[in-house]
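The values are calculated or read from the model by the stated rules, or taken from the named source; none is laboratory data. Being a predicted model, the structure only gives us computed values, none of them experimental. Heads up, the Cβs are rebuilt from the backbone with ideal geometry, glycines too, and the neighbour counts pull from every protein chain shown. The protein model used for the area step is the full one, side chains on, heavy atoms only, and it has no ligands, DNA or RNA in it. Shrake-Rupley method; radii C 1.70, N 1.55, O 1.52, S 1.80 Å.
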Amino acid sequence: MRIRNTVSILIITSLIFFNTVILLSQDNVVTPEDSTAITGMTVPEMVQVLSANFSAGANMVAGIDSSVSLQFVINGNVPVPFSQSAVKQGSEPASAGPDPGLPYFTVRFAMPIPPSYTGKDVAALTGMDSMVYTHNHSPGFEIMPNGDALAVYFSTPSGKREADTSTSFVQARLRYGSEDWDMPGLFFKTRGYNDQSAMLWNDNGKIWFFGGGRDISDMVPFRIATSVDNGASWVFSIPGLDAPASGFTAQPIIDAFRGPDRSIYMAMDGTDAESFLWRSSDDGVTWHDMGGRTGGRHSVITPLDDNGNLLSIGGKNSNTGGWSPMNMSTDWGATWSKSVPSPFPPLGPRQRPSMIRLASGNLLFVSDSYLIGRKKEPPEGWEYGNNCFVAVSKDNGTSWHIKILPVQVPATGKKFPTLGYVTVRQAPNGVIHMLTTINQPCLHYEFNEAWIWSEEGDALPETTGGTVRKFSESYPGGQVRSEWSARICRDGRYLLHGKQTDYYRDGSVQHKATYENGRKYGHEVFYLPDGTKAWSWHRDLKKNTGKWTHYWPDGKKKIESSWNIKPVAPGLQRQFYGYVAEGPARHWDEHGNLVAVYNFLNGDLIDDEPASGKTR
């Protein structure tokens with residue numbers, strides 16, 4: 001094994017093997033034999049984690065064997081993504097929400113087009129982060145304590161395998177009270193290795209990220225990051241295992257929870273059609289494979305009580321009597337019962353269910369009916385067609401109330417609808433959030449339990465009336481962090497409305513925007529810490545158009561792209577709040593010369609024009 005590096009200087013502190021400064025040039029390669037001759041011990045392979053606002057945790061070294069190890073190193077030489085900027089920290093507004101006794105439902109785009117499942121990787125031509133590719137999948141999804149929704153996907157370039165080393169983790173944020181998801185950007189990239197399958201978990205205000213990655217090491221089956229500031233900054237670490245991982249696929253699933261003794265349990269794929277639980281009894285430092293295996297890949301696992309009784313359903317690539325398998329554990333996943341048929345259809349490639357316990361105490365399960373990858377209809381006796389559905393159980397899964405989703409989008413290039421790799425979570429205000437993938441684009445649903453039990457379908461949520469309140473919050477030292485206003489509708493729904501200004505700690509402006517009932521309009525601008533303008537938007541809500549402009553450091557235009565901001569989803573004649581590239585994306589060099597024009601139609605690149613060479 002050789003040491004691989006791509007930066008000129010790496011300063012490694014708190015290194016288990018030695019505490020020194022290692023200088024490696026661009027082309028230097030140090031073998032374990034060389035290092036032993038120099039230091040008398042083995043230098044670990046440096047694995048860079050490219051990220052912003054990440055710091056190193058307590059454990060950054062994985063021992064592979066007696067002579068080889070991996071040293072994970074944070075490389076913060078990237079701009080801070082907007083998804084980690086201007087993040088409010090107060091939780092009081094997040095408690096406002098639609099009346100839980102009245103049905104509530106809405107759905108919007110969660111990803112723009114591009115990048116979402118376009119034929120080529122063209123998102124960067126619009127000004128998007130160049131590490132956001134066309135295939136964004138298997139997301140971690142969670143509602144932050146401040147009410148924001150955060151999604152972390154793995155992102156794979158067109159034509160590459162998901163397990164390729166080019167795959168990265170990307171993120172997007174929906175600010176609480178906004179109808180517009182932020183444009184996606186880098187979360188982190190492990191240089192030279194695969195990043196795949198994310199999970200986010202809100203642990204009573206502390207956010208946990210678990211991320212997989214193929215072929216790193218059986219001592220690194222997943223990576224961990226935690227945040228206590230709503231995802232603005234993260235502490236990265238790798239798990240300490242009590243034994244090398246075996247019988248696993250490096251893909252966290254959806255579920256994490258604590259036992260009554262405060263142990264953490266986290267679900268991961270086994271081999272073939274199996275899933276299992278990891279347990280940590282020291283708050284995420286060391287981890288133990290519980291040993292048992294369920295009867296499905298991507299199984300969803302939920303505690304039924306505090307005594308170790310767990311329910312597992314699904315997830316894919318297996319069936320029992322033609323139905324999705326169901327398993328029970330009475331010992332926190334150390335053993336599982338033999339698979340029996342669940343009440344739900346089986347799943348296959350490109351599909352994963354989701355299940356949570358709601359604040360009401362009921363279980364919520366969401367999934368597909370049609371076996372997309374096998375082109376197979378649900379088993380005989382299923383009464384809900386080929387539709388996507390939500391299901392609620394009041395008796396720990398013994399019986400279920402099932403409702404068909406009124407808005408459904410097919411998988412890309414497919415006939416029947418799917419939720420893909422779906423993840424469901426519940427916000428502090430009781431609203432249920434559901435994120436899909438495989439569709440073009442990914443969708444974000446919001447609904448409440450009253451809607452599930454009602455006969456309501458695709459209802460229009462309230463956006464007017466009520467009162468408009470002013471809000472502000474400050475940094476710990478007293479400096480103003482953010483000032484904004486929001487409409488509290490008659491039914492309690494909270495929508496950003498009016499001007500918002502976010503500040504850096506030194507008092508300089510970080511971000512300015514104006515909202516109208518949750519939608520951004522007019523001019524929006526984001527500034528870097530040195531005061532230079534990073535990008536701006538101009539939106540026209542009457543025409544439902546937007547222009548996104550990026551700037552060179554001296555303020556000259558760099559890229560300007562055009563967008564439809566209330567598009568129709570492919571295959572469904574319904575408008576959504578979202579973003580689809582529509583029209584030219586112009587590029588200028590640092591001298592102001594127009595160097596390229598790329599034309600988009602419905603999110604697809606259709607041609608590029610010769611540059612005129614004219615300056616602005």
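The range 183-242 and the range 138-176 have their alpha-carbon centroids 11 Å apart. Think of the range 318-380 as having a plus end and a minus end, set by charges on the Cβ of Lys, Arg, Asp and Glu; of W336, Y370, G321, Y370 sits farthest toward the positive end of this dipole. Highest mean first, the peptides 154-166, 45-57 sorted by other C-beta atoms within 10 Å per residue fall in the order 45-57, 154-166. For the range 550-566 and the range 264-341, compute the distance between their C-alpha centroids and round to whole Å. First find each Cα centre; the distance between them is then 47 Å. For the listed peptides 550-556, 236-242, 298-304, a ranking on the average number of other beta carbons within 10 Å per residue, highest first, reads 298-304, 236-242, 550-556. For the range 191-312, the relative contact order comes to 18 percent (Cα pairs under 8 Å, sequence separation of at least 6). Label zone of L102 (point 7 Å out along Cα→Cβ, amide N under 18 Å): in the range 505-536 this covers 517-518. Here the label points at N204 and D604, each 7 Å from Cα along the C-beta direction, are separated by 5.2 nm in the simple model. Among the lysines, which have Cα under 17 Å from the Cα of K556 when same-chain residues fewer than 8 positions away are ignored? Qualifying lysines at Cα under 17 Å: K533, K547, K614. Projected onto the charge dipole of the range 335-449 (+1 at Lys/Arg Cβ, -1 at Asp/Glu Cβ, origin at the Cα centre), which of G381, V407, P417 gives the Cα projection farthest towards the positive end? Value computed over the given set: P417.
The mean sequence separation of alpha-carbon pairs under 8 Å and at least six residues apart, normalised by the residue count of the chain, gives a relative contact order of 11 percent.
Taken along the Cα-to-beta-carbon direction at a fixed 7 Å, the label points for F471 and S454 span 2.4 nm. Taking all protein chains as present, what is the carbon and sulfur share of the accessible area of the chain, in % to the nearest whole number, probe 1.4 Å? Accessible surface attributable to carbon and sulfur in the chain totals 50 percent.
Rounded to the nearest 20 debye, the dipole magnitude of the range 315-385 is 300 debye, with +1 charges on Lys and Arg beta carbons, -1 on Asp and Glu beta carbons, and the Cα centre as origin. Spin-label pair K338-A58: with each label point 7 Å from Cα along the Cα-Cβ axis, the two points sit 4.3 nm from one another.
Once you have a ≥ b ≥ c as the square roots of the Cα gyration tensor eigenvalues for the range 534-574, tell me rounded if a/c is under 1.5, and otherwise prolate or oblate according to whether a/b is larger than b/c. Prolate, because a/c is 1.5 or more and a/b exceeds b/c.
Compared with the alpha-carbon gap, the fully stretched path from D242 to R258 is longer by 3.8 nm at 0.36 nm per residue.
When +1 charges are put on Lys and Arg Cβ atoms and -1 charges on Asp and Glu Cβ atoms, the dipole computed for the chain relative to its Cα centre reaches about 1400 debye.
Only helices enter the 222 nm calculation for the chain: every DSSP H run of n ≥ 4 contributes -39,500 (n - 2.57), and dividing by all residues gives -500 deg cm²/dmol, rounded to 500.
Among the listed options (1) 42, 31, 25; (2) 35, 34, 24; (3) 49, 28, 22, the one matching semi-axes √(5λ) of the Cα gyration tensor in Å as calculated from these coordinates is (2). Taking a ≥ b ≥ c as the square roots of the eigenvalues of the Cα gyration tensor of the range 496-616, is the shape rounded (a/c under 1.5), prolate (a/b larger than b/c) or oblate? Because a/c hits 1.5 or more and a/b fails to exceed b/c, the range 496-616 counts as oblate.
Accessible area per residue for the range 274-414, computed on protein heavy atoms with a 1.4 Å probe, is 38 Å².
For a straight C-alpha distance cut-off of 22 angstrom, the lysines reachable from K376 (same-chain residues fewer than eight places away being disregarded) are K316, K403, K414, K415.
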